[in-house]
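Q: Shown below is the structure under consideration.
A short reminder: the numbers here are calculations on the coordinates, not readings from a lab. Since this is a predicted model, take the numbers as computed values, not measurements. Positions of Cβ are backbone-derived with ideal geometry, glycine not excepted, and every protein chain shown enters the neighbour counts.
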Amino acid sequence: MKPKTALITGITGQDGSYLAELLLSKDYRVVGMTRRTSTDSHDRIAPVLDRIEIVSGDLLDQHSMTTIIAETQPDEVYNLAAQSFVPTSWTQPVLTGEFTALGVTRILEAIRHVNPKIRFYQASSSEMFGKVQAVPQDEDTPFYPRSPYGVAKVYGHWITVNYRESFDLFAVSGILFNHESERRGREFVTRKISEGVARIKLGLDKKLKLGNLEAQRDWGFAGDYVKAMWLMLQQNEPQDFVIATGRTHKVRDFCKLAFSTMDLDYEKFVEQDPRFYRPAEVDLLVGDPAKAKRVLGWVPETSFEQLVEMMVRADVARLAALK
Ligand code: NAP
Ligand code: GDD
């Protein structure tokens, strides 16, 4: 049988790299869309670059999206590309809307015109729940986004539902709660902490400056979460799913555990800095992944404790090797 073809937008990001590896292990032909940059941004996919095809395009550019889909003829499209950092969405709200909201419509339009049989995955986000209307949050919890990023994701979510209902596309959204790894961007809090611990342990820094330590997140491992993305596109019916661990922790808890992994006391090193507070905060996220377990058979395989230790040890090893 001919191998399936998957097109991944955002393949150079954290999730794109894990998803590419997963799909290669399932014998897919993997095509990754990247945008042109003046410096190379292929670090995360370097180990698989010789096994995937890279095509050049941009979520801002309808023509490139349509051409890529027409030329590569994917069976499945995973839209992981976005301006994904919440604080940047306040300083660049219009651009965030263009990438993270309207970019979704551009891909859906390309699919609809080129081949409406293509299956489509949209990377929706627990950030859409924002000021939460229920605890825990599931597929029926109303959205109340608290940032331009969250607002843009709500648009991306509903346009996916709308194209499914209007044009009978197999288009689904995964409402993923925070998921992390040693490949996480350095500006996100978990990686900022794991790298901060490593730098302090190795004598490269004395302090770690953070914002709100009381915010609570439902943190899982990115490698587990990309399996759920794939499962969603293998179902008989298109449906949306919450993907989460069902456990929540404070940023403070993450710090405590991360520093203790290296026998350090976080209270001696962490300083709060108003620069890292947000104009509006999402105080508490905790998802209910019961539907994913029931329908997809998906459960998270990595615990919070394993995740924290994995991230800290990876940063210590990486920085120690550079010394
Ligand atoms: P990430 O590491 O920030 O990666 C984002 C990707 O989008 C990068 O490959 C980036 O390419 C690409 N991109 C940005 N703007 C683009 C544009 N205009 N055209 C084409 N590509 C563009 O994000 P992630 O953590 O892997 O997350 C993947 C997706 O899931 C994102 O949509 C994110 O919003 C969503 N999400 C993430 C989480 C989470 O906890 N990680 C939770 C829920 C939802 P460059 O390398 O060129 O910058
Ligand atoms: N980034 C950052 N830096 N966050 C900090 C800091 C800091 O110095 N100090 C405290 N925090 C708090 C933030 O205020 C927030 O409450 C929490 O840590 C998590 O922040 P991030 O790691 O930046 O992630 P996020 O929850 O805002 O967004 C991530 O998860 C979403 C899913 O809920 C991103 O991956 C989004 O793209 C994703 O959709």
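Q: Translational diffusion coefficient of segment 227-299 at 25 °C, 0.890 mPa s, Stokes-Einstein with Kirkwood Rh over Cα pairs, in µm²/s as a whole number. Could the numbers behind the result be given before it?
A: On the way: Rh = 15.6 Å.
Using the Kirkwood radius from Cα pairs, D works out to 158 µm²/s.
Q: Order of 231-242, 126-137 by packing, highest average Cβ count within 10 Å first?
A: Highest mean packing first, the order is 126-137, 231-242.
Q: Okay, next question. By per-residue mean of other Cβ atoms within 10 Å, what is the highest-first order of 45-53, 12-20? Working shown, then result.
A: On the way: 45-53: 13.7, 12-20: 25.0.
By packing density, highest mean first, the sequence is 12-20, 45-53.
Q: Can you give the Rg to Rh ratio for segment 176-323, taking only C-alpha atoms and Rh from Kirkwood?
A: Looking at segment 176-323, the ratio lands at 1.02.
Q: For the chain, what size does the Cα cloud have along each of its three principal axes, sorted from largest down, in whole Å?
A: The Cα atoms of the chain stretch 58, 45, 38 Å along their principal axes.
Q: Can you grab the distance from the C-alpha centre of segment 84-160 to the C-alpha centre of segment 267-323, Å, no decimals?
A: About 21 Å separates the Cα centre of segment 84-160 from the one of segment 267-323.
Q: In nanometres, what is the gap between the two model label sites at Arg278 and Ala70, each 7 Å from Cα along Cα-to-Cβ?
A: Here the modelled spin labels are 4.0 nm apart.
Q: Whose amide H sits under 5 Å from the amide H of Ser125, counting only residues 5 or more places off or on another chain, with H placed in the peptide plane?
A: Result for Ser125 returns Leu176.
Q: Enter the angle in degrees (range 0 to 90, nearest 10) between the Cα long axis of helix 251-261 and the first principal axis of the Cα atoms of the chain, meaning the one along which they spread out most.
A: Compared with the principal axis, the helix lies near 70 degrees.
Q: Size of segment 61-209 along its principal axes in angstrom, Cα-based, largest extent first?
A: Between the extreme Cα coordinates on each principal axis of segment 61-209 lie 56, 39, 26 Å.
Q: Using Cβ contacts closer than 10 Å as the measure, can you line up Arg36, Arg247 from fewest to most?
A: The order, fewest Cβ neighbours first, is Arg36, Arg247.
Q: May I pose another question? Distances over 11 Å make up what percent of all Cα-Cα pairs in segment 278-323?
A: Counting pairs separated by more than 11 Å, the tail of P(r) holds 77 percent.
Q: Further question: If you wrap a convex hull around the Cα atoms of segment 198-240, how much volume per residue is inside, in Å³?
A: 123
Q: Note the angle between two axes, namely the Cα long axis of helix 222-232 and the longest principal axis of the Cα atoms of the chain, as a number of degrees from 0 to 90, rounded to the nearest 10.
A: That helix lies at roughly 20 degrees to the long axis.
Q: What Kirkwood hydrodynamic radius do you get for segment 17-103 when you take the inverse of the mean 1/r over all pairs of distinct Cα atoms, in Å?
A: Here the Kirkwood hydrodynamic radius works out to 14.4 Å.
Q: Taking the alpha-carbon set of segment 123-192, what are its Rg and Dmax in Å?
A: 13.8, 42
Q: Extension gain His63-Thr37, at 0.36 nm per residue separation less the Cα-Cα distance, in nm?
A: 7.5 nm
Q: Using only helices, what value at 222 nm comes out for the chain when you add -39,500 (n - 2.57) per DSSP H run of length 4 or more and divide by the total residues, to the nearest 500 deg cm²/dmol? Mind showing how you got there, number by number?
A: Working: 10 runs with 119 residues, N = 323.
Value at 222 nm, helices only, nearest 500: -11500 deg cm²/dmol.
Q: Given the Cα-Cα distance of Ser260 and Phe188 and 0.36 nm per residue of separation, how much length would full extension add, in nm?
A: Value of the extension gain: 23.9 nm.
Q: Helix 148-167 against the longest principal axis of the chain: what's the angle in degrees, Cα atoms only, rounded to the nearest 10?
A: 20
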